[in-house]
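One structure is given below, encoded as C-alpha cells.
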Amino acid sequence: MPRKRLDYLDMAKGVGIFLVILGHIEYIQEDSLKWISSFHMPLFFIVGGVLSYVKRDEKKPFFTALAGKARGSLLPYASFTLMLLTMNTLSFFLGSESLTSSQLARQYVDAATGYGIHILWFLPAYFIAGAVFLVLDKSLRPAFRNLAVLILAVAAYGVTVAFELDRYASMDLSLAAYTGLDLLITLLRGLLAMPFLLMGWYLGALEEKFFSGGKKGRKALCLCMAFLLIPGGLLALKASVFDLHYLYVEPLHYLTALLSSTGLLCLLRALPASRILTWLGRNSLVIMCTHATFFVVYYISLGMFFIDNRIPLPQPVFNLGVAVFVCVAEIPIVWIFNRYFGYLLGRKL
C-alpha cells in the first residue's frame, strides 16, 4: 500500500482522536459537541472500511483474517479493561468513596459482556462490525452484502427504538438483567456501525478510481470534495448529539458522518503529510484507551482551570488548550506502551 495513502489515513485518525479528546472535555458547548460527535467516532469505522477495501485482494484465510481483527481489537480491550478494573478494585478496598460495591460489580459485568467501561466500549463494537462485515463479504456478492449490512443496521435501529434502549443508562435493573442487556447493546453497537464500514469501503473504491490520476488533477478534485465538510457540519447542528456508546443514533447521523468524513479525508489527501497528525493517528489506540480512563483529561482540565483563574480564556481557547496539553501528556504514556507493552496492543512479538 502506498506510503501516501497510509499517511492520510493516519492523519484522519489523528484528527479523530483529537476530536475524541475535545468531546470528553466537560462543559464543552452543545453546538461544538454536536459537530464533533457527528463524525469523530464514525470516522474510525470509515477509515477501517477504506483499509478493508485496500486489502481486499490479500489471500488471507477467513479465520486468519478474523484472528487478526480479534488481536487488534479484543486483546487491547482485555488489557486496558484489566488495568482499569485493577485500579478501581484497589481504590474500592482502600476505602475510596467514589465507587460503591454495586457500581464495582456493574463494572465487572460491563467488562465481561463487552459493554465496556467508559471509552473501552469502542473496541468490541469495532470488532463486531468488522467481523460481521468480513463474514458477509466472504460469503455474499457485493450487492447482497450491501443489502445485508443495511438490513442488519435497520433491524438494530428498530430494536433500539422499540425497547427504548437509549434510556438504558438510567434504567434500574437487577445485575442479571444488566448482563443480558449489556450483551444485546454490545451487539447492537456493532451492527449500527456497519454502514460506516460500508461507506469506507466505497470511499476506498472511489479514491482508486478518481484520485489515481495526475497529481494536480487529483489534488484539485480532493480540495473540491473537501467542501463536503460544510453541509456535513450544518446538518450536524440540526441533529441531536450522536453517541453510539449510549445508542443515541438517528438516520440523519449517517448522512452527516458520510459528508464530514468524506470531506475530511479528501482534504487530508490533498495536504502534505503532518508528522503531528500522523503520530496521533498511529498511536490513537493508546490515546483512546488512556486519555479518559487514566484521568489525563481530568488533571489537565484542573490545570487549565488554574490558568484560567489568573488569565481568563475564551471557552474555545480553553477547550483547545486542554486537548493540546492532553496530547502532549500522552507522549510518555504512548512511549511506555510502544516500548514495553506492544503485545498488549495486539502487536505480534
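Of the chymotrypsin sites (Phe, Trp or Tyr not before Pro) found in the stretch 113-210, the ones in coil according to DSSP and having at most 16 other Cβ atoms within 10 Å of their Cβ are Phe163. Note on the stretch 88-139: along the principal axes its Cα atoms extend 53, 15, 12 Å, ordered by decreasing extent. Heavy-atom accessible surface of the stretch 128-255, averaged per residue, reaches 52 Å², computed with a 1.4 Å probe. Under the convention that each Lys and Arg Cβ holds +1 and each Asp and Glu Cβ holds -1, the size of the dipole of the chain around its Cα centre is about 1860 debye. Restricting the calculation to Cα atoms, every distinct pair contributes to the Kirkwood radius of the chain, found to be 21.2 Å.
Across the accessible surface of the stretch 1-108, with the other protein chains kept in place and a 1.4 Å probe, carbon and sulfur atoms take up 61 percent.
Placing dummy labels 7 Å off each Cα toward the beta-carbon, the span from Ala176 to Val324 is 5.5 nm. Computed from the Cβ-Cβ distance with R0 of 35 Å, the FRET efficiency linking Asn309 to Leu255 stands at 0.25. For the stretch 121-218, the list of GluC sites (Glu not before Pro) that fall in a loop by DSSP and count at most 11 other C-beta atoms within 10 angstrom reads Glu164.
Taking amide H positions as modeled 1.01 Å from N, with prolines and chain starts lacking one, the residues under 5 Å from Tyr248 and 5 or more places away or on another chain are Asp243. Stretched out straight at 0.36 nm per residue, the stretch from Leu302 to Ser98 would grow longer than its current Cα-Cα span by 71.6 nm. Divide the volume of the convex hull around the Cα atoms of the stretch 206-349 by the residue count and you get 185 Å³ per residue. Cross-link partners for Lys60 among the aspartates and glutamates, with Cα-Cα distance under 16 Å and sequence neighbours closer than 8 places in the same chain left out: Asp137. The stretch 20-88 to the stretch 230-272: how many Å between their Cα centroids? Here the two parts' Cα centres lie 16 Å apart.
For the residue pairs Lys34/Lys69; Lys209/Lys238; Lys13/Lys238, alpha carbon separations beyond 28 Å are given by Lys34/Lys69; Lys209/Lys238. If every alpha-carbon in the stretch 14-107 counts as one equal scatterer, what log10 I(q)/I(0) does Debye give at q = 0.22 1/Å? Values returned for q = 0.22 Å⁻¹ are -1.07. When peptides 76-87, 35-46, 279-290, 99-110 are sorted by average Cβ neighbour count within 10 Å, with the highest value leading, the order is 35-46, 279-290, 76-87, 99-110.
Evaluated on the stretch 63-113, the Kirkwood hydrodynamic radius is 12.3 Å, with distances taken between all distinct Cα atoms. For a distance above 23 Å, tell me the whole-number percent of Cα pairs in the stretch 71-173 that qualify. Roughly 46 percent, once rounded to a whole number. Hey, any idea what % of the stretch 227-336's accessible area is carbon plus sulfur with a 1.4 Å probe? Reported share for carbon and sulfur atoms: 76 percent. Pair-distance distribution P(r) for the stretch 214-276, from all Cα-Cα distances in 5 Å bins starting at 0: 4, 19, 21, 18, 15, 12, 8, 3, 1 percent. Karplus-based coupling profile of the stretch 61-75, in residue order and whole Hz: x, 4, 5, 5, 5, 5, 5, x, 5, 5, 5, x, 10, 6, 5, with θ = phi - 60° in 6.51 cos²θ - 1.76 cosθ + 1.60 and x standing for Gly or Pro. The convex hull defined by the C-alpha atoms of the stretch 134-273 has an orientation-averaged projected area of 10.8 nm².
The values are calculated or read from the model by the stated rules, or taken from the named source; none is laboratory data. Just so we're clear, the structure is a prediction, and the values are computed from it rather than from any experiment. As a convention, Cβ positions derive from the backbone with ideal geometry for all residues, glycine included, and neighbour counts pool all protein chains shown. Each accessible area value is taken on the protein alone, full model and side chains, heavy atoms only, with ligands, DNA and RNA left out. Shrake-Rupley method; radii C 1.70, N 1.55, O 1.52, S 1.80 Å.
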